[in-house]
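The values are calculated or read from the model by the stated rules, or taken from the named source; none is laboratory data. This is a predicted model, so every value here is computed, not measured. When we count neighbours, we look across all protein chains shown, and the Cβ atoms used for this are built from the backbone with ideal geometry, even at glycine.
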Amino acid sequence: MGNEIMTKAELAEKTGIEPIELDLWTKAKILKPVGFAEDKSAFYAVQDVDRVSHIRKLRELGYGLEEIQKIIKKYGWPQAAGGDKKPAKKDKLLTVGLLAEKAGVSSRTIKHWEEVGILDPDLRSEGGFRLYDETYVFLCQLIRDLQLFGYSLEEIKSVSDSVRDFLSVEKDLASFSREAAGRKLDDLLAAVESLNKKMRQLREGIDRWEDLLKKKKKEIVGLKSKNAKRPAAVSEESHA
């Protein structure tokens, strides 16, 4: 995770193309954003800098947008522009604020988890803008639960790393060799078993506390009733 992205403003600054022109190219489906934030603003891959340059050259040669679209569809992008793997396109990406809202934590908490290495943005821009896949909502909720369970920072980071490893393998198994994928999956199974063991211990502890609190609640209610039946204390003023 942690792929580089650019906002439309950053892409415009790097290429010298006006944002309104980039909008036209995007609308014509010549440029394809890697994703959108909740406010529907588009984000682009770093490879789009070279692609914008290629489109500009074609425009300077007099080609219209429909013609450029046909040229790219037929011949593809120049190798220099398309040699690197483009981040997987995502239907919806979350900003720090929306992720925090959906996960039930504060934005400051999300940023703290980033600083200590528990979270790593799914995509980030040079300007520091960070976006997350919706799977991070579950991950943030899991981290919050582990904190409530008394897990140490190191233990939480280990669990978070395991979850992210699983998501990487699940999304693109073919990018791992059979041996590497096998090792990761074995490690993940071991992590799951370790968590199951701790969950059983926590569940047993919760059951003990529920029984204890239920018993003590009855005792407290009984004492409260007994106390209510006691005669009221006579104040010093009544003796005056």
- Could you please tell me which pairs satisfy a Cβ distance under 6 Å, a separation of 6+ or placement on different chains, a first residue in region 1-29 that is more than 30 Å from D161 (Cα to Cα) and at pLDDT 85 or above, and a second residue that is buried (at least 17 other Cβ atoms within 10 Å of the Cβ) and polar (S, T, N, Q)? E10/S125
- Might you let me know whether region 196-207 holds any residue that is surrounded by 10 or more Cβ atoms within 10 Å (Cβ to Cβ) and over 30 Å from W113 (Cβ atoms)? yes
- Query: Residues in region 165-180: is at least one farther than 24 Å from D120 by Cβ, in the same structural domain as V105 (by TED's automatic domain parsing) and in a helix (DSSP H, G or I)?
  - Reply: yes
- Here the qualifying pairs (Cβ atoms under 9 Å; residues six or more apart or on different chains; first in region 94-111 and touching a residue at least 60 places away in the same chain (Cβ under 8 Å); second not basic (K, R)) come out as L98/A37; L98/E38; L98/Y132
